[in-house]
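All remarks here apply to the structure that follows.
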Amino acid sequence: MLRALTSGLRLPRPWRPLRTRSCASHGATGDPEIQVRALTGRDQGITEILMNRPSARNALGNILVSELLEALAQLREDQQVRVLLFRSGVKGVFCAGADLKEREQMSEAEVGIFVQRLRGLMNEIAAFPAPTIAAMDGFALGGGLELALACDLRVAASSAVMGLIETTRGLLPGAGGTQRLPRCLGVALAKELIFTGRRLSGAQAQALGLVNHAVSQNEEGNAAYHRARELAQEILPQAPIAVRLGKVAIDRGMENIPTQDRLEGMAAFREKRPPRFVGK
């Protein structure tokens, strides 16, 4: 049984697609590129976002980004979402990164706007109030790895391939990878991976601490998803408010302390004088 995201509504199929969108760049109407489902029974509290754009290996184009943003806006208000899990409906791939074919058709101004939207998407994932898990059962390159880095936890198939490969295309990781990878692995290692554009297997990524768990792939190609779901099940029994506040405390603790006293302390150091703290 599945709980529909709309209160009291039972859907005839397990996945709930967002409404079909019109693709402005092609002038055609296509199928939704993500589906959302909320699990019930022993999995109640787990909600899944399934990326399903097989023609482009889940590349992050305008429609996919819009649908992800819409889903996140809806789900963040749903207190029944205890864990949010990102997975792929395309075998062998999690997300191939930004849609470079779509990007080639954009003007410079449009590219700038699109990169800002991508960055905003990753920020929305990172700021989602409940824990988020990326189930990486295949390729996660460029923006695909940035999406996974925006999640709280990452699970990968040992055979999955991931990397911030933008420098091999004459680009930079523009959706938060230059900030989140150093926080995950440390500055020197993050620089090495970004400078070289190196690709890592899931097993290598686990050894470095880039993913929480790496598992052998199964015949169905969804071993990481099953491990991610088990991890979500470990979170479900815990006090939801405590879990959410724990996420806030950890995330804010990783940033600079946003106080006037911190700014005063830095100014006093520069000016070689005693600080005048005011408790704000």
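Points to keep in mind about this one:
- Qualifying residue in segment 205-216 (condition: open to solvent by 80 Å² or more (accessible area, probe 1.4 Å), free of Cβ contacts under 8 Å to residues at least 12 places away in the same chain and more than 20 Å from R180 (Cβ to Cβ)): no
- Residues that are part of a helix (DSSP H, G or I) and touching an Asp or Glu at 6+ places or on another chain (Cβ under 9 Å) within segment 207-225 comprise A223, A224, Y225, listed in sequence order.
- Within segment 123-159, tally of residues that are farther than 16 Å from G246 by Cα and of a type outside the set (D, E, K, R): 22
- Among the residues listed as G176, G170, G138, the single one being over 11 Å from the mean Cα position of the chain (by Cα) and under 18 Å from F114 (Cβ atoms): G170
- Of all residue pairs spaced 6 or more apart or on separate chains, those with beta-carbon atoms under 7 Å, a first member in segment 102-121 that is surrounded by 17 or more Cβ atoms within 10 Å (Cβ to Cβ) and a second member that is of a type in the set (V, I, T) are R103/V111; L118/V65; L121/V65.
- One residue from G202, G163, G197 being open to solvent by less than 30 Å² (accessible area, probe 1.4 Å) and in contact (Cβ under 8 Å) with a residue 60 or more places away in the chain: G202
- Of all residues in segment 133-145, those that are under 12 Å from A223 (Cα atoms) and touching a residue at least 40 places away in the same chain (Cβ under 8 Å) have Cβ atoms under 8 Å from Cβ atoms of residues that are open to solvent by 10 Å² or more (accessible area, probe 1.4 Å) and among the charged types (D, E, K, R), 6 or more apart or on another chain, in A135/R87; A135/R227; A135/R229; M136/R154; D137/R87; D137/K91; G138/K91.
- Verdict on V90 being buried (at least 17 other Cβ atoms within 10 Å of the Cβ), at negative phi and not in a helix (DSSP H, G or I): yes
- Test: R229 is among the basic types (K, R), touching a residue at least 24 places away in the same chain (Cβ under 8 Å), part of a helix (DSSP H, G or I) and open to solvent by 50 Å² or more (accessible area, probe 1.4 Å): yes
- The set of residues from segment 232-243 being exposed (fewer than 12 other Cβ atoms within 10 Å of the Cβ) and either in a helix (DSSP H, G or I) or touching a residue at least 60 places away in the same chain (Cβ under 8 Å) (or both) comprises E234, I241, A242.
- Test: residue in segment 71-85 that is in a helix (DSSP H, G or I), open to solvent by 40 Å² or more (accessible area, probe 1.4 Å) and in contact with a strand residue (DSSP E or B) (Cβ under 9 Å, 6 or more places away or on another chain): yes
- Every residue from segment 33-51 that is in contact with a strand residue (DSSP E or B) (Cβ under 6 Å, 6 or more places away or on another chain) and open to solvent by 10 Å² or more (accessible area, probe 1.4 Å): Q35, R37, T40, L50
- Selection status of R57, open to solvent by 10 Å² or more (accessible area, probe 1.4 Å), of a type in the set (K, R) and over 28 Å from A160 (Cα atoms): no
- The residues listed here are D137, D78; of these, the one that is at pLDDT 95 or above, of a type in the set (D, E) and farther than 18 Å from P173 by Cβ is D137.
- Candidates A140, A150 - the one that is open to solvent by less than 10 Å² (accessible area, probe 1.4 Å), in contact with a helix residue (DSSP H, G or I) (Cβ under 6 Å, 6 or more places away or on another chain), under 17 Å from Y225 (Cβ atoms) and of a type in the set (A, V, I, L, M, F, W, C): A140
The values are calculated or read from the model by the stated rules, or taken from the named source; none is laboratory data. Fair warning: this is a prediction, and the values are worked out from it, not measured in the lab. With ideal geometry, Cβ positions are generated from the backbone for all residues, glycine too; neighbour counts draw on all protein chains shown. Areas reflect the complete protein model, heavy atoms only, side chains present, ligands, DNA and RNA absent. Shrake-Rupley method; radii C 1.70, N 1.55, O 1.52, S 1.80 Å.
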